[in-house]
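These notes are about the structure you will find just below.
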Amino acid sequence: MINSRPRVVDLSEVEPNTRRGGDLRAMLTPATVGSTSGFMGVALIQPGDRIGEHYHPYSEEFVYVLCGQLEVDLDGEPVPLQPEQGLLIPMHMKHRFRNVGKVEARIVFHLGPLAPSPPLGHVDTEETAEVVS
């Protein structure tokens, strides 16, 4: 779907994805708004929860922390992330997000450029248990 018109997508319109830990919501994507250069979403991570380690072979990931106290493991090295901080994760770098605080953490993420197909864009490097609510 190529879209030449702006479209607003509300967080409540996007189904939660919890299969990698956390609650990932891919909001502005080729499927939802017809984007052609990348996609944007929000991750909600509860205290003590994490988004399992993975990497992106075709995309850089841009992350902005809205709230909460996070540590992101970058190729195994822990890096603290605070509210109002941004982070660029290069292609191929393994990363895992962990909420080390006492409140829900929220991050906005953008990946670009797009992988040739969605299944090729994300490579899991560890197992995570899906949270069933």
Over the heavy atoms of residue 75, what accessible area does a 1.4 Å probe trace out, to the nearest 10 Å²? 90 Å²
Using Cα-Cα distances under 8 Å and only pairs 6 or more residues apart, what relative contact order does segment 23-114 have, in percent? 39 percent
extent check for the chain: Cα max minus min per principal axis, descending, whole Å, gives 41, 30, 30
Using a 10 angstrom Cβ neighbour count of at most 16 plus a DSSP loop assignment to flag exposed GluC sites (Glu not before Pro), which longest range of the chain is free of such sites? 1-83
What figure, in Å² to the nearest 10, do you get for the accessible area of residue 73 with a 1.4 Å probe and non-protein molecules left out? 10 Å²
Helix-only [θ] at 222 nm, the chain, -39500 (n - 2.57) per DSSP H run of 4+, per residue, nearest 500, equals -500 deg cm²/dmol
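The values are calculated or read from the model by the stated rules, or taken from the named source; none is laboratory data. For clarity, every value in this text was computed on a predicted model and none was experimentally measured. Heads up, the Cβs are rebuilt from the backbone with ideal geometry, glycines too, and the neighbour counts pull from every protein chain shown. Side chains are part of the model used for accessible areas, which takes the heavy atoms of the whole protein and leaves out ligands, DNA and RNA. Shrake-Rupley method; radii C 1.70, N 1.55, O 1.52, S 1.80 Å.
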